[in-house]
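Visitor: Dropping the structure in here first, questions after.
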Amino acid sequence: MIGLIGLGVMGWRIGANLVAEKKLDIAWDRNEEKRKEFSTKYNVKEAKTPQEVVQSSDIIISMLADDNAVNSVISPLVSLMKGKILIDMSTISPSLSISLANKIKENGGVMFDAPVIGTSVFVEQRKLTVLVGGPKEHFDKVKQILSSTSNNIIYMGENGFGLYSKLVNNLLLGAYAAALAEAYNFGVKSGLDKEKVAKILAELSSAKSPTSEIKTPKMVSGDYSTQFATKHMRKDLEIIQREAQNLKVITPMSSLALQFYRMAEALGYTESDYISVLEIFKKLSPS
C-alpha cells in the first residue's frame, strides 16, 4: 500500500502519475476540497488525516511546501513509522530532514529525502530528476516506486545528501534566472527587438540552457503562469543561506539573488513563476 501526503502543484501531478501505474492507494492534503477532488477524479481513497495515510500504507510519499509544513505534518507521525518507509520529496533544510530521519529510524522506520529537479511540466512528462538521500539498502524499492514520475533517479548518499544536491541546483538556478532577467531587460532597454534578445539568450548564447529556453518565451510574453513559484525560489535560497552559515561557506551570488526574489514578492509576484523577477529590472529601469 502506498500513500501520498500533499496535493500541491507538484504533489497532485506526482499522485496522478502513480495512479496511472496503479501505485497509489490513499492521499491526504490539508485542503479538504482539494483532497476530495483528487479522490473523486482518480478513485483514490481520501484520508481525513496524515495519520490515516501512515496507518494504511507501507510506503508514504510526502511533497510539502517548506520546513514548517514538513515539521508540523511529519513530526506527529514519527511514532507510527515502525516498519514503514517515508519518501519525502519536499525541498527543505537538510538539517531538519536529517533530524526527522534519525527519529524515524529510532522508531523502527526508514526515511529518504528525495527532492526533485524539474517543474510541473517535467512531472507531467515524467522527466523529473530525483536526488535521493538515505539508507542504500532500501534504495531499489524507492527507485521502483518513483520511476512512475521520473526518468532519472539518482542515489546521492546518506540522509540529507539528496537535499544538499538539490540546493546546489537551486543556488545556480536562482542566480542564473536573475541574471537572465537582467540580461533580457538590458537588451530590450537598449532598443533591441525583444524577440531577438530572446533568441540570443535561448539559442545563440554560450550560456544558453534548458532554463533559458523555457523562460525567455515567458519573459517576452509577460506570461508568469507558475511552473515554479517565486515564493519557493525565495524559500530555497533562504535555506541555502542558513546551511551556508552552518557550513561556514560564502555564497555571495545566491545571497544577492535572494534579495531580488524578495523584492518580486513585495511587488505581488509571490505565487507567480519565479521568472517574474524580471519585473524588478523593468520597474526600476527608466523607460
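Visitor: Specify which of the listed residues (LEU18, LEU7) is of a type in the set (A, V, I, L, M, F, W, C), open to solvent by less than 10 Å² (accessible area, probe 1.4 Å) and not in a loop (DSSP other than H, G, I, E, B).
Guide: Going through LEU18, LEU7 in turn, the sole match is LEU18.
Visitor: Moving on. Scan the range 215-227 and give yes if some residue there is under 21 Å from ALA202 (Cα atoms), aliphatic (A, V, I, L, M) and open to solvent by less than 40 Å² (accessible area, probe 1.4 Å), otherwise no.
Guide: Within the range 215-227 (the criterion being under 21 Å from ALA202 (Cα atoms), aliphatic (A, V, I, L, M) and open to solvent by less than 40 Å² (accessible area, probe 1.4 Å)), the answer is yes, since at least one residue qualifies.
The rows are residues; the columns are (1) over 10 Å from ASN159 (Cα atoms); (2) aromatic (Phe, Trp, Tyr); (3) in contact with a strand residue (DSSP E or B) (Cβ under 8 Å, 6 or more places away or on another chain); (4) modelled with pLDDT of 95 or more.
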residue	(1), (2), (3), (4)
SER97	no, no, yes, yes
ALA114	no, no, yes, yes
VAL121	yes, no, no, no
GLU124	yes, no, no, no
VAL130	yes, no, yes, yes
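Visitor: Would you pick out the residues in the range 201-214 that are part of a helix (DSSP H, G or I) and among the hydroxyl-bearing types (Ser, Thr, Tyr)?
Guide: THR211, SER212
Visitor: Suppose we keep only residues that are out of contact with any strand residue (DSSP E or B) (no Cβ under 7 Å at 6 or more places or on another chain) and small (Gly, Ala, Ser) within the range 1-57. Which one would you say is nearest to HIS232 (Cα to Cα)?
Guide: Once the filter is applied, the top-ranked residue is GLY8.
Visitor: Now for a different question. Mind counting the residues in the range 94-120 that are among the β-branched types (Val, Ile, Thr) and under 21 Å from LYS235 (Cβ atoms)?
Guide: Final tally of qualifying residues: 4.
Visitor: Something else now. Might you let me know whether the range 238-254 holds any residue that is of a type in the set (Gly, Ala, Ser) and without any contact (Cβ under 8 Å) to a residue 60 or more places away in the chain?
Guide: Checked against the condition, which is being of a type in the set (Gly, Ala, Ser) and without any contact (Cβ under 8 Å) to a residue 60 or more places away in the chain, the range 238-254 yields at least one hit.
Visitor: Using the structure shown, decide if LYS34 is open to solvent by 20 Å² or more (accessible area, probe 1.4 Å), basic (Lys, Arg) and without any contact (Cβ under 8 Å) to a residue 24 or more places away in the chain.
Guide: Spelling it out, it is not the case that LYS34 is open to solvent by 20 Å² or more (accessible area, probe 1.4 Å), basic (Lys, Arg) and without any contact (Cβ under 8 Å) to a residue 24 or more places away in the chain.
Visitor: Mind checking whether some residue in the range 239-250 is touching a strand residue (DSSP E or B) at 6+ places or on another chain (Cβ under 6 Å) and surrounded by fewer than 21 Cβ atoms within 10 Å (Cβ to Cβ)?
Guide: No, because not a single residue in the range 239-250 is touching a strand residue (DSSP E or B) at 6+ places or on another chain (Cβ under 6 Å) and surrounded by fewer than 21 Cβ atoms within 10 Å (Cβ to Cβ).
Visitor: Which one is most open to solvent (accessible area, probe 1.4 Å) among residues in the range 50-78 that are over 23 Å from PRO115 (Cβ atoms) and touching a helix residue (DSSP H, G or I) at 6+ places or on another chain (Cβ under 9 Å)?
Guide: GLN55
Visitor: Just checking, does the range 268-276 include any residue being at pLDDT 95 or above, over 25 Å from GLN125 (Cα atoms) and surrounded by 14 or more Cβ atoms within 10 Å (Cβ to Cβ)?
Guide: Among the residues of the range 268-276, at least one is at pLDDT 95 or above, over 25 Å from GLN125 (Cα atoms) and surrounded by 14 or more Cβ atoms within 10 Å (Cβ to Cβ), which makes the answer yes.
Visitor: A follow-up question, please. Name the residues in the range 236-287 that are under 24 Å from VAL220 (Cα atoms), aliphatic (A, V, I, L, M) and either in contact with a Cys (Cβ under 8 Å, 6 or more places away or on another chain) or not in a helix (DSSP H, G or I) (or both), would you?
Guide: Correct list: LEU267, LEU284.
Visitor: Considering only the range 182-217, state which residues are of a type in the set (Gly, Ala, Ser) and under 21 Å from the mean Cα position of the chain (by Cα).
Guide: SER209, SER212
Visitor: May I pose another question? Can you pull out the residues in the range 79-97 that are open to solvent by less than 10 Å² (accessible area, probe 1.4 Å), among the β-branched types (Val, Ile, Thr) and without any contact (Cβ under 8 Å) to a residue 60 or more places away in the chain?
Guide: ILE87, the sole residue that qualifies.
Visitor: The conditions are (1) on the phi < 0 side of the Ramachandran plot; (2) in contact (Cβ under 8 Å) with a residue 24 or more places away in the chain, and SER72 fails exactly one of them. Which is it?
Guide: (2)
The values are calculated or read from the model by the stated rules, or taken from the named source; none is laboratory data. Values in this document were obtained by computation on a predicted structure and should not be read as measured data. Quick reminder, even Gly has a Cβ in these numbers, built from the backbone with ideal geometry, and neighbours come from all protein chains shown. The area values use the complete protein model at the heavy-atom level, side chains included, leaving out ligands, DNA and RNA. Shrake-Rupley method; radii C 1.70, N 1.55, O 1.52, S 1.80 Å.
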